[in-house]
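See structure below.
The values are calculated or read from the model by the stated rules, or taken from the named source; none is laboratory data. As the structure is a prediction and not an experimental result, all values here were calculated from the model. We place every Cβ from the backbone using ideal geometry, glycine too, and count neighbours over all the protein chains shown. For accessibility, only protein heavy atoms count, side chains too; no ligands or nucleic acids. Shrake-Rupley method; radii C 1.70, N 1.55, O 1.52, S 1.80 Å.
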Amino acid sequence: MKFRIGDREFDRPCLWEEDGSTVIIDQRFLPFSVVLSRMRGIGEMVNAIKTLAVRGAPSIGAFGAYSLSQCISKGEDPERCHRDLITSRPTAVDLGNALDRVMEGYREGGVDGAVGSADSFAGEVVESCRRIGESGKKLISRGTRIMTHCNAGALATLDWGTAVAPIRMAVREGNTPFVWVSETRPLFQGSRLTAWELSQEGIPHRIIVDSASGYVMRSGEVDMIVVGADRVCANGDLANKIGTYGKAVVARELGIPFYVAIPWSTLDPKTSEGDLIPIETRCGGEVESCMGKPMSNPRSASFNPAFDVTPSEYVTGYITPDGILDVHDLREKMRSLMQ
Ligand code: MRU
C-alpha cells in the first residue's frame, strides 16, 4: 500500500513485525494523521483490536497471529493469550483461524513453530488479496461505477485489500473505475479509510451518506457493488459491516450485480448458515456521539450492531484468490475444507 507522511512516500503493509513487537498504522487517527503505533504487551494488543486501531477481518487475523506468537516468544501463557485475543472481537473468523494456526505451529514446533505460523498467515493474506485483485479486475472496465461499503482495502488486509484489490489492479492496467464510497456510520470506515486509500492513489471516488445508497443505485449511477466480508459460512451466507444487507437487497431489486471479495481465511465451513454467526454489538456511545461531540438526544438509548448478515441468494459471485465462484462452487470449496 502506497501512502505519504509529509513529503515522504512509503510502500508498506498496514502493519508489520519489528523487534519482537508489531507496528501498526493506527486507524483511529486516519485520515487526519498517519500515526505509527508500536504494540507490545497482550493488554495493548487486545485494546488495539477492540478500539479498531487495527481492523478489517484479515488484518485482525494477521495482527492476532503476530500478537500471539510474540507473547509465546516472551514466555507468556499461550492459552491465556489465545483466550484474551479470541474474545476481543467475535464476528471476523480470520482472527480465530489465525490464532488456531499459531497454536498448531506452537504445538508442533514450539516458539519457532508459532513465529513461523504467524509469518506464513500474514504472507498468505497478502498473496491471497493480490490474487483476488487478479480475479476481480476482469469485471472492471474504464469508468465502471463501483459502490463499496466500509473499508475492505489495504488497511483491512495488510496490503491490496479484498473489495479494493480488483480496483487497484484495474487501475494499473489503465482501466480506472469510479468508486462510490458509503461513509459507514458510526465509525466512518468508508469516508475516513477507504476514501483515504483511494485518494492516496488518485482513484476517482465520491463519498455518500449510507442512506443515499438506494437513491444513487436507483438513479442508474452504479454498475456493481463489491464488498468484503468478516465471515462466510458453509452455505455462502456472509457477515459484513452493518448496512451491507440493505445494499444487497436494493441491488437485487434493481438488477445490480453484488459481489463479495474474500480470501480463504474468511471462510467458516463449520458454521452452517448466516443466522448462527455471532454479531458484535458495540457500545451505544459510538452512535450517540461523533468525534467526541454529542449527536443525539441525551435521554434516548441506542443500539449499535456492528455487522449484518446477507443471505447467499443476494450474491452474484464470490471474488476469490482462485477466480469468481458462484454459490455452488463456494459450497463445494467449503465441503473440501471439512474433509
Ligand atoms: O468493524 P470493522 O471496521 O473491522 O469491519 C470491517 C468490515 O466490515 C470489512 O468490510 C471486512 O472486514 C472485510 S475487509 C477485507
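Percent of alpha carbon pairs in the range 1-153 separated by more than 28 Å?
On the way: 2709 of 11628 pairs.
Tail of the P(r) past 28 Å holds 23 percent of the pairs.
Divide the volume of the convex hull of the Cα atoms of the range 1-48 by its number of residues and quote the answer in cubic angstrom per residue. Intermediate results must be reported in sequence, preceding the final value.
Numbers: hull volume 3.6 nm³, N = 48.
Given the Cα convex hull of the range 1-48, per-residue volume reads 75 Å³.
In whole angstrom, how far apart do the alpha carbon centroids of the range 54-100 and the range 157-235 sit?
27
Considering only DSSP beta bridges where both residues belong to the range 134-274, give the percentage that are antiparallel (nearest 5). The partial results should precede the final answer.
Details: 2 of 18 bridges.
Roughly 10 percent of the DSSP beta bridges within the range 134-274 come out antiparallel.
I want to make sure I understand the PRE zone here: with the label point 7 angstrom from the Cα of Asn297 toward its beta carbon, which residues in the range 171-214 have backbone N atoms less than 11 Å away?
Within reach of a label on Asn297, which here means backbone N under 11 Å from a point 7 Å along Cα→Cβ, the range 171-214 contributes nothing.
Can you check how the C-alpha radius of gyration of the range 52-99 compares to 2.2 N^0.38 Å, as a plain ratio? List each step's numbers first, then the result.
Numbers: Rg = 10.0 Å, N = 48, 2.2 N^0.38 = 9.6 Å.
Normalised Rg, Cα atoms only: 1.05.
Which value, in Å², gives the accessible area per residue of the chain when a 1.4 Å probe is used on the protein heavy atoms? It would help to have the intermediate numbers written out before the result.
On the way: 14230 Å² over 339 residues.
Heavy-atom SASA per residue in the chain reads 42 Å².
Relative contact order for the chain: what is it in percent, counting Cα pairs under 8 Å that are at least 6 residues apart?
Numbers: 720 pairs, mean separation 53.8, N = 339.
So the answer I get is 16 percent.
Compute from the Cα atoms of the range 165-238 the Rg and the Dmax, the latter being the longest Cα-Cα distance, and quote both in angstrom.
Gyration radius and largest Cα-Cα distance of the range 165-238: 13.6, 38 Å.
I'd like the Kirkwood hydrodynamic radius of the range 20-100, using the inverse of the mean 1/r over distinct C-alpha pairs, in Å. Before the final figure, lay out each step's value.
Values: mean 1/r = 0.0801 Å⁻¹.
When all Cα pairs of the range 20-100 are included, the Kirkwood radius is 12.5 Å.
In the chain, once you exclude exposed chymotrypsin sites (Phe, Trp or Tyr not before Pro) (DSSP loop, at most 15 other Cβ within 10 angstrom), what's the longest stretch remaining? Don't skip to the answer; put the middle values down first.
Details: sites that count: Phe29, Phe32, Phe303.
In short, 33-302.
What base-10 log of the normalised intensity I(q)/I(0) is obtained for the chain from the Debye formula, alpha carbons as equal point scatterers, at q = 0.06, 0.15 Å⁻¹?
-0.19, -1.29
Dividing the convex hull volume of the alpha carbon atoms of the range 219-271 by its residue count, what do you get in Å³ per residue? Write down the numbers at each step before the final one.
Values: hull volume 4.3 nm³, N = 53.
Output value, Cα hull per residue: 81 Å³.
Taking all protein chains as present, what is the carbon and sulfur share of the accessible area of the chain, in % to the nearest whole number, probe 1.4 Å?
50
I'd like the FRET efficiency for Asp19 and Glu79, computed as 1/(1 + (r/R0)^6) with the beta carbon distance as r and R0 of 25 Å, rounded to 0.05. Display every interim value, and only then the final one.
Numbers: r = 26 Å, r/R0 = 1.02.
The value I calculate is 0.45.
What number, in percent, do you get for the relative contact order of the range 53-155 if the mean sequence gap of Cα pairs under 8 Å and at least 6 apart is divided by its residue count?
Numbers: 92 pairs, mean separation 32.2, N = 103.
Across the range 53-155, relative contact order equals 31 percent.
Test of understanding: express the Cα radius of gyration of the range 282-339 as a ratio to 2.2 N^0.38 Å, with N the residue count. Don't jump to the answer; show the numbers that get you there.
On the way: Rg = 19.7 Å, N = 58, 2.2 N^0.38 = 10.3 Å.
Against the compact-globule rule of thumb, the ratio is 1.91.
Working from Cα positions, state the angle (0 to 90°, nearest 10) between the long axis of helix 244-254 and the longest principal axis of the chain.
The answer is roughly 30 degrees.
By a straight-distance test (C-alpha under 13 Å), which aspartates and glutamates pair with Lys74 as possible cross-link partners, with residues fewer than eight away in the same chain excluded?
Filter leaves Asp19, Asp112.
Relative contact order of the range 176-299: what whole-number percent is it, with Cα pairs under 8 angstrom and at least 6 residues apart? Display every interim value, and only then the final one.
Details: 153 pairs, mean separation 27.6, N = 124.
This gives 22 percent for the range 176-299.
Over the range 99-149, one equal point on each Cα, no solvent: what is log10 I(q)/I(0) by the Debye formula at q = 0.27, 0.32 Å⁻¹?
Calculated log10 I(q)/I(0) at the listed q: -0.94, -1.06.
Could you check the spin-label model distance between Val34 and Val111? Points 7 Å from the Cα along Cα→Cβ, value in nm.
3.4
Mind checking the dipole of the chain: about its Cα centre, +1 per Lys or Arg Cβ, -1 per Asp or Glu Cβ, Debye to the nearest 20? Walk me through the numbers before you get to the answer.
Numbers: 38 positive and 44 negative charges, 187 e Å.
Once rounded to the nearest 20, the dipole reads 900 debye.
Restricting the calculation to Cα positions, tell me the Rg (one decimal) and the Dmax (whole number) of the range 121-227 in Å.
That works out to 13.0, 42 Å for Rg and Dmax.
Distance in nm between label sites at Phe10 and Arg172, each 7 Å beyond Cα in the beta-carbon direction?
Label at Phe10, label at Arg172, 2.1 nm between them.
Past 22 Å, Cα to Cα, is the threshold; run Lys50/Lys241; Lys2/Lys137; Lys247/Lys333 against it and keep the listed order.
Numbers: Lys50/Lys241 15 Å; Lys2/Lys137 19 Å; Lys247/Lys333 26 Å.
Violating the 22 Å Cα-Cα cut-off are Lys247/Lys333.
Over all pairs of distinct alpha carbons, what does the Kirkwood formula give as the hydrodynamic radius of the range 169-318, in Å? Spell out each step's value before the answer.
Working: mean 1/r = 0.0597 Å⁻¹.
Across the range 169-318, the inverse of the average 1/r is 16.8 Å.
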